[in-house]
Amino acid sequence: MEATIHAYFAATNSAFRTGDVTAVRVFSTDGCPCRQAADDIEEVLEAGGRFEGLRYEVQRIRVHDVEPDSAVAEVIATVPAYKVYDGKGDVTENSQGGRLHTDFSMIRSGNRWIIGNSINLS
């Protein structure tokens, strides 16, 4: 389960740089709110925009409520200061960064774990 969470955030960080969100979607179900990250990345990049400095730095993963086909992973990550630019080069978001504290509901899909839901804890 920890490996899935690490891979999801690695794929998301890569998508901020490359715009390829395919891997981000592989780690979650269609209905998971965490899929919104992929949609947001696509929207910015398809409009000619870009991300500067945006990334998640996972600090802690605590897996709990483990069942044979489900579990929850509590994740704490930091996000450094970043900017989002539109296609004209104007800053549309200038963030000082912050902290992510989220529970990710994990479900077994075949022989791997995927994210089925996410709940912001902060």
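The values are calculated or read from the model by the stated rules, or taken from the named source; none is laboratory data. Just so you know, these numbers come straight off a predicted model, no measurement behind them. All Cβ positions, glycine included, derive from the backbone under ideal geometry; neighbour counts span all protein chains shown.
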For this session: Inspect the range 76-86 for any residue being within 20 Å of Pro33 (Cβ to Cβ), touching a His at 6+ places or on another chain (Cβ under 6 Å) and modelled with pLDDT of 95 or more and give the result as yes or no.
Result: yes
For this session: Under 7 Å between Cβ atoms, at least 6 apart or on separate chains: pull out the pairs that start in the range 8-32 with a residue that is under 19 Å from Glu74 (Cβ atoms) and end on any residue that is aromatic (Phe, Trp, Tyr) and surrounded by fewer than 20 Cβ atoms within 10 Å (Cβ to Cβ).
Result: Phe9/Tyr56; Thr12/Tyr56
For this session: Give the residues of the range 69-106 that are over 16 Å from Ser28 (Cβ atoms) and of a type in the set (S, T, N, Q), sorted by residue number.
Result: Thr78, Thr92, Asn94, Ser95, Gln96
For this session: Sort out which residues of the range 51-68 are farther than 23 Å from Val26 by Cβ and under 19 Å from the mean Cα position of the chain (by Cα), and write them in order of number.
Result: Glu52, Gly53, Gln59, Arg60, Arg62
For this session: Six or more apart or on different chains, Cβ under 9 Å: which pairs go from a residue in the range 87-106 that's basic (Lys, Arg) to one that's modelled with pLDDT of 95 or more and in a strand (DSSP E or B)? Could you list them?
Result: Arg99/Gln59; Arg99/Ile76; Arg99/Ala77; Arg99/Thr78; Arg99/Val79
Seminar exercise, completed: Flagged in the range 28-50 as within 16 Å of the chain's Cα centre (by Cα), of a type in the set (D, E, K, R) and either closer than 16 Å to Ile107 by Cβ or in a strand (DSSP E or B) (or both), in numbering order, are Asp30, Arg35
Problem set entry | Hey, Val72 of a type in the set (Val, Ile, Thr), closer than 16 Å to Asn117 by Cα and touching an Asp or Glu at 6+ places or on another chain (Cβ under 6 Å) or not | yes
Exercise. Out of curiosity, is Arg62 assigned to a strand (DSSP E or B), among the charged types (D, E, K, R) and touching an Asp or Glu at 6+ places or on another chain (Cβ under 7 Å)?
Worked result: yes
For this session: Given the conditions (1) surrounded by fewer than 18 Cβ atoms within 10 Å (Cβ to Cβ); (2) out of contact with any Phe, Trp or Tyr (no Cβ under 7 Å at 6 or more places or on another chain); (3) within 14 Å of Tyr8 (Cα to Cα), report the number of the one that Glu43 does not fulfil.
Result: (3)
Exercise. Taking into account only those residues within the range 2-27 that are under 13 Å from Ile61 (Cα atoms) and of a type in the set (Val, Ile, Thr), which is farthest from the chain's Cα centre (by Cα)?
Worked result: Thr4
Problem set entry | Qualifying residue in the range 66-84 (condition: crowded, with 18+ Cβ neighbours inside 10 Å and assigned to a helix (DSSP H, G or I)) | no
